[in-house]
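Engineer: I am attaching a structure below and will ask some questions about it afterwards.
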């Protein structure tokens, strides 16, 4: 275990950024989100429990180019000797240039345990055959430094899904850190974490575990008192498709939903994307960007759409998180970060869905 004074964090970050890109919570337009560290940027965001979005963008960007198709037109009078223009005045040649894969290490600092778990969810999707090479390259070069939640927020409920916000060393991060008083405690977990620690060890001092143990106990105590940490997942998970899909509860609770997609864009685990082509001056750029199952044109094709109403789209989102994903990958696709609780303009979130079904189950039991 190591430690460094909070007041010296800029020195630490500068040292890391000398050799590799550093991504951490920074303030822009009055909000904290993950961004690339630069000298002088506002880094007070590391003390913020939840950024608006998770660090998912570092591995699965909101927008990324896949490849470019270049078109080169050669006039007939410029063709090489002996080459015929095939009864045309020009020759057109198309070339495909794939976007380069991530080939340099980078550090993402300040991810919470729930967000690290979100990356595990993405791993199931993008690292299972067929493997997504763009995502794989970022995962191989990414070094995650997780930070314990010093003061969990009222909307948090990650413990429902077996996540420990007090002890990020139990997560799949490479380094675990805690804010204890005026110091940051640092504990490498993996080989990548050890390698990063070695590069900055001149800035670190030795520390014992006692202060961190007290911090873990304090965070755990706070979590135990939060309103959503007692949610029951009884009735959800593998094998519950028929029971939940055909329930009348969806029709009762969906109507406030605006289909705005806010919940999907702040979610650490949503992985839906669209692929589009953009005309450039010399060809076509193919890119992918995040999409949302809450949109009416999601997966829309010439033949129509398989989910034609908002109640169907609403049901799809939560069935995927709580039933379909566990069926396929044996884990939930929600990490209890509470961002949808914070950001839904209609206060219609996964907590409300779980409670609605729980109440329905209690009422049904009372009528037996």
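Engineer: For region 169-271, give me every one of the helices (runs of 4 or more DSSP H) that falls completely inside it and has 2 or more residues that are closer than 26 Å to residue 155 by Cα, outside the structural domain of residue 121 (by TED's automatic domain parsing) and touching a helix residue (DSSP H, G or I) at 6+ places or on another chain (Cβ under 6 Å).
Structural biologist: Answer list for region 169-271: 249-253, 262-266.
Engineer: Cβ-Cβ under 7 Å, sequence separation 6+ or interchain: first residue in region 218-236 and exposed (fewer than 15 other Cβ atoms within 10 Å of the Cβ), partner in a loop (DSSP other than H, G, I, E, B). Which pairs?
Structural biologist: 227/154
Engineer: Kindly indicate whether any position in region 252-261 is under 16 Å from the mean Cα position of the chain (by Cα) and buried (at least 17 other Cβ atoms within 10 Å of the Cβ).
Structural biologist: Within region 252-261, the subset under 16 Å from the mean Cα position of the chain (by Cα) is 261.
Going one step further and asking which of them are buried (at least 17 other Cβ atoms within 10 Å of the Cβ), we end up with 261.
Yes: one or more hits.
Engineer: Could we say that residue 115 is within 20 Å of residue 193 (Cβ to Cβ), at pLDDT 95 or above and not assigned by TED's automatic domain parsing to the domain that holds residue 279 here? Full working, then the answer.
Structural biologist: Values: within 20 Å of residue 193 (Cβ to Cβ): yes; at pLDDT 95 or above: yes; not assigned by TED's automatic domain parsing to the domain that holds residue 279: yes.
Yes; evaluated as a whole, the condition is true for this residue.
Engineer: For residue 149, indicate whether it is part of a loop (DSSP other than H, G, I, E, B) and closer than 26 Å to residue 20 by Cα.
Structural biologist: On the way: part of a loop (DSSP other than H, G, I, E, B): yes; closer than 26 Å to residue 20 by Cα: yes.
Spelling it out, residue 149 is indeed part of a loop (DSSP other than H, G, I, E, B) and closer than 26 Å to residue 20 by Cα.
Engineer: Could you check residue 318 against (1) touching a helix residue (DSSP H, G or I) at 6+ places or on another chain (Cβ under 9 Å); (2) in contact (Cβ under 8 Å) with a residue 40 or more places away in the chain; (3) buried (at least 17 other Cβ atoms within 10 Å of the Cβ); (4) part of a helix (DSSP H, G or I) and say which number it fails?
Structural biologist: (2)
Engineer: Then there's this: Could you list, ordered by first residue, the pairs with Cβ atoms under 7 Å in which the first is in region 300-315 and in contact (Cβ under 8 Å) with a residue 60 or more places away in the chain and the second is surrounded by 14 or more Cβ atoms within 10 Å (Cβ to Cβ) and assigned to a loop (DSSP other than H, G, I, E, B), at least 6 apart or interchain?
Structural biologist: Filtered contacts from region 300-315: 311/254; 314/254; 314/257.
The values are calculated or read from the model by the stated rules, or taken from the named source; none is laboratory data. Quick caveat, the model's predicted, so the values are computed rather than measured. Heads up, the Cβs are rebuilt from the backbone with ideal geometry, glycines too, and the neighbour counts pull from every protein chain shown.
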